[in-house]
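J.: Structure below; questions to follow.
The values are calculated or read from the model by the stated rules, or taken from the named source; none is laboratory data. None of the values given here were measured: they were computed from a predicted structure. All Cβ positions, even for glycine, are placed from backbone atoms using ideal geometry, and neighbour counts span all protein chains on display.
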Amino acid sequence: MERRAVRLLYLCSDFGIDPAGTKGASIHVRSVTRAMCEIGHDVRILSPKGGCIPDHPAQPILGVGGGPAESMGKLLKKWLVDHGLTDAPARELRPLIYNAWVGEPALAALRENPPEAILERLSLFSHVGIDLSEALDVPLVVEMNAPLADEAEAYRALQLRPLAREIEGRVLRRADGVVVVSQALAKRLVEAGVRPERVHVVPNGADPSFFTGIPPRESCRARWELDGAFVVGFVGSLKPWHGVDVLLRAFERLHRDDPRARLLIVGEGPWAPSLRGLAIDLGLGDRVTFTGALPHAEIPRVLGALDVAVAPFLQVHDFYFSPIKMFEYMAAGLCVVGSRLGQIAGVVQDGVNGLLCEPDDPESLYRTLRRAQGDAALRRRLGSAARESIRAGYTWTHTARRLTRVIEDAIAAQRTKREAAAIL
């Protein structure tokens, strides 16, 4: 059945996610909104960071900036730091100020061409989706990529913990639909009291066309002087649960077997200094290259330099991730090595379209890397099968079509409610 175009507002209130940025969340925002446009929807974006890259089809309804939230957040942060206090309250108050400010200018910008639905990426402390959906009388569908309040409490100094949990719970309960990236996350939501019929699993994806026309391997490798080496790589933010420390320890074993082997770590994050220190402590020296964050446009050339790409996630409670890095490795036709966890083990079939290792286990990862290193034909076969797996079910177009079904159902349900109320 042919689907009609929907006027859609995509909302992301997270000050840490720049729609034009390099990290996974930024890629997700750009990719989902582009794919929704490409299948025919009219998508506009609301974010305190403005819009996506210049040629992106989804345009912002407001310019860059969060109004008083940005300036007041900076002012409070400076005062806290100057007085030797934690700046965490400034980060947490900023989205609350944005909640209070953004409604009026957003409604004014939408007045002449209001959306039929709102798709909001769940953001810590954000109440904007509820406020706009009620003001415009349109359904709200929420994308949940992680349990944000739980993560903030576990990995950061969350000062306004009760308020963060109250807002997050309210958004998830009031939403007309909640889209999650994994079955584990769906299970957590249902256990927390969200009605099962409102929860929909839509995994992340990749764009295979983004990885066509990659230059020859020698050209990709020249930038980091990798010629002739067996090259292992990781691309992503350097956070504790990504397991890059396990990768470094496994690579140290591999390096003992093959001193010419190289490890390329692409990305930035809070664990970057400790990981650089660990590489030195392990005696890896110039055999490990930390590139820092690179523009997403450069990632195809990075992947073109690798023999094996690794997603060494650690075991966490109810592993709920849908790693974009894994889908992009596969879309690029690489031999992927991933931890035997959650959705990774659901997408990567060991020996069929990738290789799996045990999480938190440098020895298991080392053995898997050695298996890949010793069989170039296996790497080529797995890489080819990985690319076909993405094309068959995990492109951003697949994501957009799945999201469309949820949004259309929410619009239809609201229409039915209105008709029933009119009869009464």
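J.: Among the numbered criteria (1) at pLDDT 95 or above; (2) over 21 Å from VAL141 (Cα atoms), which single criterion is violated by VAL29?
T.: (2)
J.: Kindly indicate whether ASP307 is at pLDDT 95 or above, of a type in the set (Asp, Glu) and surrounded by fewer than 24 Cβ atoms within 10 Å (Cβ to Cβ). Explain how you work it out, then say what you get.
T.: Numbers: at pLDDT 95 or above: yes; of a type in the set (Asp, Glu): yes; surrounded by fewer than 24 Cβ atoms within 10 Å (Cβ to Cβ): yes.
Answer is yes for this residue.
J.: Quick test for you: out of GLU328, GLU298, pick the one residue that is closer than 23 Å to THR22 by Cα, of a type outside the set (Phe, Trp, Tyr) and crowded, with 24+ Cβ neighbours inside 10 Å.
T.: Values: GLU298 fails: crowded, with 24+ Cβ neighbours inside 10 Å.
Testing whether each residue is closer than 23 Å to THR22 by Cα, of a type outside the set (Phe, Trp, Tyr) and crowded, with 24+ Cβ neighbours inside 10 Å leaves just GLU328.
J.: Output the number of residues of the stretch 288-307 satisfying the condition of being outside any helix (DSSP H, G or I) and not acidic (Asp, Glu).
T.: Of the residues in that region, 10 qualify.
J.: Continuing with this model, one more query. Suppose we filter the stretch 326-342 for residues that are out of contact with any strand residue (DSSP E or B) (no Cβ under 7 Å at 6 or more places or on another chain) and either more than 12 Å from LEU382 (Cα to Cα) or not assigned by TED's automatic domain parsing to the domain that holds SER384 (or both); how many remain? Spell out the reasoning first.
T.: Of the residues in the stretch 326-342, the ones out of contact with any strand residue (DSSP E or B) (no Cβ under 7 Å at 6 or more places or on another chain) are 332-333, 341-342.
Among the residues that remain, those that are also either more than 12 Å from LEU382 (Cα to Cα) or not assigned by TED's automatic domain parsing to the domain that holds SER384 (or both) are: 341-342.
Final tally of qualifying residues: 2.
J.: May I ask you to say which residue of GLY40, GLY73, GLY50 is under 25 Å from PHE327 (Cα atoms) and not assigned by TED's automatic domain parsing to the domain that holds GLU268?
T.: On the way: GLY73 fails: under 25 Å from PHE327 (Cα atoms); GLY50 fails: under 25 Å from PHE327 (Cα atoms).
Just one listed residue meets the conditions, GLY40.
J.: Within the stretch 237-246, work out how many residues are crowded, with 22+ Cβ neighbours inside 10 Å and within 21 Å of the chain's Cα centre (by Cα).
T.: Here the count works out to 4.
J.: Mind listing whichever residues of the stretch 236-287 are among the acidic types (Asp, Glu) and either part of a helix (DSSP H, G or I) or on the phi > 0 side of the Ramachandran plot (or both)?
T.: Once the filter is applied, which keeps residues that are among the acidic types (Asp, Glu) and either part of a helix (DSSP H, G or I) or on the phi > 0 side of the Ramachandran plot (or both), the stretch 236-287 yields ASP245, GLU252, ASP257, ASP281, ASP286.
J.: If we keep just the residues of the stretch 194-215 that are without any contact (Cβ under 8 Å) to a residue 24 or more places away in the chain and β-branched (Val, Ile, Thr), which is surrounded by the fewest Cβ atoms within 10 Å (Cβ to Cβ)?
T.: Among those that are without any contact (Cβ under 8 Å) to a residue 24 or more places away in the chain and β-branched (Val, Ile, Thr), it is THR212.
J.: Would you point out the residue of the stretch 374-424, among those that are touching a Pro at 6+ places or on another chain (Cβ under 9 Å) and within 26 Å of ARG217 (Cα to Cα), that is surrounded by the fewest Cβ atoms within 10 Å (Cβ to Cβ)?
T.: By that ranking, first place goes to ARG391.
J.: Considering only residues that are buried (at least 17 other Cβ atoms within 10 Å of the Cβ), in a helix (DSSP H, G or I) and either within 23 Å of the chain's Cα centre (by Cα) or among the acidic types (Asp, Glu) (or both), which ones fall in the stretch 118-149?
T.: If the condition is that a residue be buried (at least 17 other Cβ atoms within 10 Å of the Cβ), in a helix (DSSP H, G or I) and either within 23 Å of the chain's Cα centre (by Cα) or among the acidic types (Asp, Glu) (or both), then VAL128, GLY129, ILE130, ASP131, LEU148, ALA149 are the ones that fit.
J.: Right, another one. Evaluate the stretch 102-117: report whether one residue or more is under 18 Å from LEU148 (Cβ atoms) and either touching a Gly at 6+ places or on another chain (Cβ under 9 Å) or modelled with pLDDT of 95 or more (or both).
T.: Checking the stretch 102-117: not a single residue is under 18 Å from LEU148 (Cβ atoms) and either touching a Gly at 6+ places or on another chain (Cβ under 9 Å) or modelled with pLDDT of 95 or more (or both).
J.: Let me ask something additional. Whether any residue in the stretch 17-25 is closer than 30 Å to ARG161 by Cβ, touching a helix residue (DSSP H, G or I) at 6+ places or on another chain (Cβ under 6 Å), outside the structural domain of GLU328 (by TED's automatic domain parsing) and not in a loop (DSSP other than H, G, I, E, B) is what I want to check.
T.: Within the stretch 17-25 (the criterion being closer than 30 Å to ARG161 by Cβ, touching a helix residue (DSSP H, G or I) at 6+ places or on another chain (Cβ under 6 Å), outside the structural domain of GLU328 (by TED's automatic domain parsing) and not in a loop (DSSP other than H, G, I, E, B)), the answer is yes, since at least one residue qualifies.
J.: Let me ask another. Would you say LEU172 is in the same structural domain as ALA152 (by TED's automatic domain parsing), assigned to a helix (DSSP H, G or I) and aliphatic (A, V, I, L, M)?
T.: Yes: the conditions hold for LEU172.
J.: Mind checking whether some residue in the stretch 221-235 is touching a residue at least 40 places away in the same chain (Cβ under 8 Å), assigned by TED's automatic domain parsing to the domain that holds SER322 and assigned to a helix (DSSP H, G or I)? Lay out the reasoning, then the answer.
T.: Taking the stretch 221-235 first, the residues touching a residue at least 40 places away in the same chain (Cβ under 8 Å) are 221, 223-224, 226, 230-235.
Going one step further and asking which of them are assigned by TED's automatic domain parsing to the domain that holds SER322, we end up with 221, 223-224, 226, 230-235.
Applying the additional criterion that residues be assigned to a helix (DSSP H, G or I) yields 221.
Yes, there is a match, as at least one residue in the stretch 221-235 is touching a residue at least 40 places away in the same chain (Cβ under 8 Å), assigned by TED's automatic domain parsing to the domain that holds SER322 and assigned to a helix (DSSP H, G or I).
J.: If ARG256 passes every condition in (1) in contact (Cβ under 8 Å) with a residue 40 or more places away in the chain; (2) surrounded by fewer than 16 Cβ atoms within 10 Å (Cβ to Cβ) but one, which one does it miss?
T.: Checking ARG256 against (1) in contact (Cβ under 8 Å) with a residue 40 or more places away in the chain; (2) surrounded by fewer than 16 Cβ atoms within 10 Å (Cβ to Cβ), the one that fails is (1).
Every residue, every condition in (1) of a type outside the set (Ser, Thr, Tyr); (2) without any contact (Cβ under 8 Å) to a residue 40 or more places away in the chain; (3) more than 20 Å from MET330 (Cβ to Cβ); (4) assigned to a helix (DSSP H, G or I), yes or no:
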{"position": "ASP360", "(1), (2), (3), (4)": "yes, no, yes, no"}
{"position": "THR368", "(1), (2), (3), (4)": "no, yes, no, yes"}
{"position": "LEU378", "(1), (2), (3), (4)": "yes, no, no, yes"}
{"position": "GLY383", "(1), (2), (3), (4)": "yes, no, no, yes"}
{"position": "SER389", "(1), (2), (3), (4)": "no, no, no, yes"}
{"position": "LEU403", "(1), (2), (3), (4)": "yes, no, yes, yes"}
{"position": "ILE407", "(1), (2), (3), (4)": "yes, no, yes, yes"}
{"position": "ARG415", "(1), (2), (3), (4)": "yes, yes, yes, yes"}
{"position": "GLU419", "(1), (2), (3), (4)": "yes, yes, yes, yes"}
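J.: Look at GLU218 and say whether it is touching a residue at least 12 places away in the same chain (Cβ under 8 Å) and among the charged types (D, E, K, R). Please lay out each step first, then the result.
T.: Numbers: touching a residue at least 12 places away in the same chain (Cβ under 8 Å): no; among the charged types (D, E, K, R): yes.
It is false that GLU218 is touching a residue at least 12 places away in the same chain (Cβ under 8 Å) and among the charged types (D, E, K, R).
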